[in-house]
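Enquirer: Following this message is one structure expressed as structure tokens.
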Amino acid sequence: MRTSRISSWSRSRSFIYAVRATAIVIAILIVNALISFTVILSRIDILQQNSALRVEDICPSRQRYILRDELGSNSNDTHRGISSFAVVLTVNSGFWDFFVNWDNHFQDRVVNKSDELLLVIIAQDADIYDKLKTWPKPKASRTIIIPVYDLTKGSSASARAEDYDSVGYKSLVSSRATYLLNVMCSIQGGKPNKGDDDLVILYSDIDTVWLKDPFPYIQTKLFGSNNNDTDMQHRPNYDILAAVDDDEYNNVSPYYCTGYLVIAQTPASIAFLSLWEEELISNPQLNQPVFNTLLRSPKIPGIRHGDLGQTEFPPGRLYFDEWAKGSREVEKRKKMETMVVHNNYIVGHDAKRKRFQEHGLWMNNKRQL
């Protein structure tokens, strides 16, 4: 009997010790978790502060006088509650006919935007600059034509219609981050979200065709519903939006296309453009792979990126190769819902032009070359 009582008492004591030990371990884990969470928040806050400080270092050296004066005066008179959009294009002599085609569609589709829209055309060689200076400026926007030597310290870029992945092509597209960063920093002094309105840069390759006005879609995607302008939020939901080339490529999902970008003027987006530029300058290359890699890297934590719907902004493989050739109602519907189609997934100036012509998207005879 005595032995049984002692054994029972020992088991009770062991159980109590086990419960206490478990409670202590749980308490320690909770405390450590709280401490770790606090440290993470602190690090994020420090990184965000450093990002903001970094922007202050990036932009002053980027404010080219022609950009700062012209862009600044053209972007300060936006309406309260409506985002200010700057559409940015790069054009060289080799793709002059594609610019004409792009502009004709742009004029037909984008209307009543004169108070909100700024068109910035970057001329990549001297001949195209001379042509653009005499080109009738679009009525639907305020237009600024900038020679490339006002954006970089180098000379003019290639004037040829370079093929994808060629040395000349890589040289051309490696300057994209530099152009966008200089424009971003020169508008409103590179000070993001300081006023009542937000600046948004929309970069578009000129082998795109705008079938519908994309701005209501982009406005809603970035800032939410615009049913009541006075109640619209002024802080964007994203720093960068991009068209999608593939749902997944090289273990990246989604795989963004740098031929159609929407970039809000935020500290994170400016810091990103600076890093993207550094990578491209150090090694001229296709700008799209490194763009996708950097967006997912820890170098800019918390950058908010998202996709533009593939139905509204399809790549060429979908619009031309699947939807246009398909007979199902769903494919016809997707084609009807397209806002901007990109003539990619095909190589060569002439092949791109022929594809546009075959699908009734070549309008360069509307305004004379």
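Enquirer: For LYS332, state whether it is modelled with pLDDT of 90 or more, open to solvent by 20 Å² or more (accessible area, probe 1.4 Å) and either out of contact with any Pro (no Cβ under 8 Å at 6 or more places or on another chain) or part of a loop (DSSP other than H, G, I, E, B) (or both).
Expert: Numbers: modelled with pLDDT of 90 or more: no; open to solvent by 20 Å² or more (accessible area, probe 1.4 Å): yes; either out of contact with any Pro (no Cβ under 8 Å at 6 or more places or on another chain) or part of a loop (DSSP other than H, G, I, E, B) (or both): yes.
No; evaluated as a whole, the condition is false for this residue.
Enquirer: Next question, about the same structure. For segment 247-257, name all the residues that are on the phi < 0 side of the Ramachandran plot and surrounded by fewer than 22 Cβ atoms within 10 Å (Cβ to Cβ).
Expert: ASP247, GLU248, TYR249, VAL252, SER253, PRO254, TYR255, listed by residue number.
Enquirer: Being more than 18 Å from PRO236 (Cβ to Cβ) and either in a loop (DSSP other than H, G, I, E, B) or touching a Gly at 6+ places or on another chain (Cβ under 6 Å) (or both) is the filter here; which residues of segment 291-312 pass it?
Expert: The answer is ARG296, SER297, PRO298, LYS299, GLN310, THR311, GLU312.
Enquirer: Please determine, by comparing only the residues of segment 261-306 that are open to solvent by 40 Å² or more (accessible area, probe 1.4 Å) and touching a Phe, Trp or Tyr at 6+ places or on another chain (Cβ under 7 Å), which one is nearest to TRP210 (Cα to Cα).
Expert: Among residues in segment 261-306 that are open to solvent by 40 Å² or more (accessible area, probe 1.4 Å) and touching a Phe, Trp or Tyr at 6+ places or on another chain (Cβ under 7 Å), the one nearest to TRP210 (Cα to Cα) is HIS305.
Enquirer: Within segment 290-315, track down each residue that is out of contact with any His (no Cβ under 8 Å at 6 or more places or on another chain) and within 22 Å of VAL340 (Cα to Cα).
Expert: Step one: list which residues in segment 290-315 are out of contact with any His (no Cβ under 8 Å at 6 or more places or on another chain), which gives 290-294, 296-312.
Hits for segment 290-315 are PHE291, ASN292, HIS305, GLY306, ASP307, LEU308, GLY309, GLN310, THR311, GLU312.
Enquirer: Would you pick out the residues in segment 319-342 that are of a type outside the set (Val, Ile, Thr), free of Cβ contacts under 8 Å to residues at least 12 places away in the same chain and more than 17 Å from LYS212 (Cα to Cα)?
Expert: Matches in segment 319-342: GLU322, LYS325, GLY326, SER327, ARG328, GLU329, GLU331.
Enquirer: Among (1) in contact with a strand residue (DSSP E or B) (Cβ under 6 Å, 6 or more places away or on another chain); (2) of a type outside the set (D, E, K, R); (3) modelled with pLDDT of 90 or more, there is one condition ASN287 misses while meeting the rest; what is its number?
Expert: (3)
Enquirer: Let me confirm something: among ILE66, ILE82, ILE121, which residue is surrounded by 21 or more Cβ atoms within 10 Å (Cβ to Cβ) and either over 20 Å from LEU211 (Cβ atoms) or modelled with pLDDT under 90 (or both)? Outline the logic, then answer.
Expert: Values: ILE66 fails: surrounded by 21 or more Cβ atoms within 10 Å (Cβ to Cβ); ILE82 fails: surrounded by 21 or more Cβ atoms within 10 Å (Cβ to Cβ).
Answer to the check: ILE121.
Enquirer: While we're looking at this one, here's another question. Among the numbered conditions (1) open to solvent by 60 Å² or more (accessible area, probe 1.4 Å); (2) modelled with pLDDT under 85; (3) not small (Gly, Ala, Ser), tell me where LYS131 comes up short.
Expert: (2)
The values are calculated or read from the model by the stated rules, or taken from the named source; none is laboratory data. Just so it is clear, the model here is predicted, and its values are computed rather than measured. Cβ: placed from backbone, ideal geometry, glycine included. Neighbour counts: every protein chain shown. All accessible areas refer to the heavy atoms of the entire protein, side chains included, with ligands and DNA or RNA removed. Shrake-Rupley method; radii C 1.70, N 1.55, O 1.52, S 1.80 Å.
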